[in-house]
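The values are calculated or read from the model by the stated rules, or taken from the named source; none is laboratory data. Bear in mind that the values here come from a model prediction, so they are computed numbers and not experimental data. Cβ sites come from the backbone with ideal geometry, for glycine too, and all protein chains shown count toward neighbours. Note: accessible area is taken over every heavy atom of the protein model, side chains too, but ligands, DNA and RNA are not part of it. Shrake-Rupley method; radii C 1.70, N 1.55, O 1.52, S 1.80 Å.
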Amino acid sequence: MINDRAHWNWTRRASRTVAAFCAVVLLGTLGASAHAAEDSPPDAKRAFRYLSQLSRIGPRVSGSRGMSRQQQLISKHFANFECELKYQPFDARHPLTGDPVRMNNVIISWNPQAKQRVLLCCHYDTRPLPDRDRNPANRRQGVFLGANDGASGVALCMELAHHMGSIPANRGVDFVFFDGEELVYGDRGEYFLGSTHFAEDYRDHPDGQRYSAGILFDMIADRNLRIYMEKNSLKYAPELTKSLWQSAAQAGVDEFVPRAKHEVRDDHLPLNEIAKIPTCDVIDFDYPYWHTVQDVPNSCSGKSLAKVAKVLLHWLRNAQISPPPAK
């Protein structure tokens, strides 16, 4: 993600030769432990274990071995639940070499038969380098694990999977992990590749299913969590944004602060501007270790993940979501 002070060079990109989804359907059955978790509160220790497990893979840059290992971990995890998992592949150019990089958005569908759906999404790639680190040497060759900026959204969804049986059966929900959010080296590269591809495919290839709302989450595991209303979210999806913060108040989660602070350019922009899906960004943009070598599990908190999960589950169970306008 980049804020309003950062360079914004979002243009049409990525090969569109692969427009259809390449489906890898993994149907699993809920184990006894998953059933038991449906009505229990989110588990902070378990959520943190997921974040740590993802971080132990190492960097998960688009097209890398680490990304492939992460995809295997994700597939194995969600195979244990009553959901469908599929990949949405596309190609992009590497910003340094110009070579094609195979990208994969991951789409996990709950109640896949429902026509009206909600989109919960995050990016799951990590930035190639910690280019905001105070140490110049780290900016050029340091290791960026992305425990918060990359792993936290996936860990949140891994925890939410234990609770999706408590969501109303007529409410379809998709978890989407975007690839290529920040395959960027300095000023070389483009942001939001995966979300842009997803948005363009949704716009250009309607299949009868419609998203009524979208929630993007990014950097939600800060040990000192404070999440303000993001300004672009209030611009494009004001009712949705306010309803989510109302859910936080009702759920007793004070870390959601009901006032605007940052203007962030993130994956919610293609969803709002191209796909016309009202989408808000849930992001703690005051995270002090953004794009540094210190973005590691020790800088994160499972309690923060559990609090965000609590808000999302409250919203999913109780929010009155209006159908989207017809295309």
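Subtracting the Cα-Cα distance of ALA319 and GLU273 from 0.36 nm times their residue separation leaves 14.2 nm of extension gain.
Just the protein heavy atoms count here, and of the accessible area of segment 93-219 at 1.4 Å, carbon and sulfur take up 46 percent.
Over the chain, accessible surface divided per residue gives 42 Å², non-protein components excluded, 1.4 Å probe. A simple charge model with +1 on the Cβ of Lys and Arg, -1 on the Cβ of Asp and Glu and nothing else charged puts the dipole of the chain at about 180 debye relative to its Cα centre. Based on alpha-carbon atoms, the Kirkwood radius and the radius of gyration of segment 167-269 give Rg/Rh equal to 0.99. If you wrap the Cα atoms of the chain in a convex hull and average its projected area over all directions, you get 14.8 nm². Expressed in units of 2.2 N^0.38 Å, where N is the residue count, the Cα radius of gyration of segment 44-141 is 1.29. The alpha carbon convex hull volume per residue for segment 114-210 rounds to 92 Å³.
For ASP187 and THR97, a Förster radius of 22 Å and the Cβ-Cβ distance give a FRET efficiency of 0.85, rounded to the nearest 0.05.
This model, with +1 at the C-beta of Lys and Arg and -1 at the C-beta of Asp and Glu, gives segment 163-309 a dipole about its Cα centre of some 680 debye.
Here the contact order of the chain, divided by its residue count and restricted to Cα pairs under 8 Å and six or more residues apart, works out to 24 percent. Extension gain, ARG65 to HIS205: 0.36 nm times the residue separation minus the Cα-Cα distance gives 47.3 nm. Extent along the principal axes, Cα only, for segment 241-327: 45, 31, 21 Å, with the longest axis given first. What is the log10 of I(q)/I(0) for segment 124-165, computed with the Debye formula using one identical point scatterer on each Cα and no solvent, at q = 0.13, 0.19, 0.28 Å⁻¹? Values, matching the q order: -0.38, -0.60, -0.89. Close Lys pairs in segment 242-327, defined as Cα atoms under 24 Å apart and 8 or more places apart or on different chains, number 10.
Per-residue ellipticity at 222 nm from helix content only, as computed over the chain with -39500 (n - 2.57) for each DSSP H run of at least four residues, stands at -9500 deg cm²/dmol.
Here's the picture: charge each Lys and Arg Cβ at +1 and each Asp and Glu Cβ at -1 in segment 24-181, and of SER64, PRO41, ILE107 the one pushed furthest to the positive end of that dipole is SER64.
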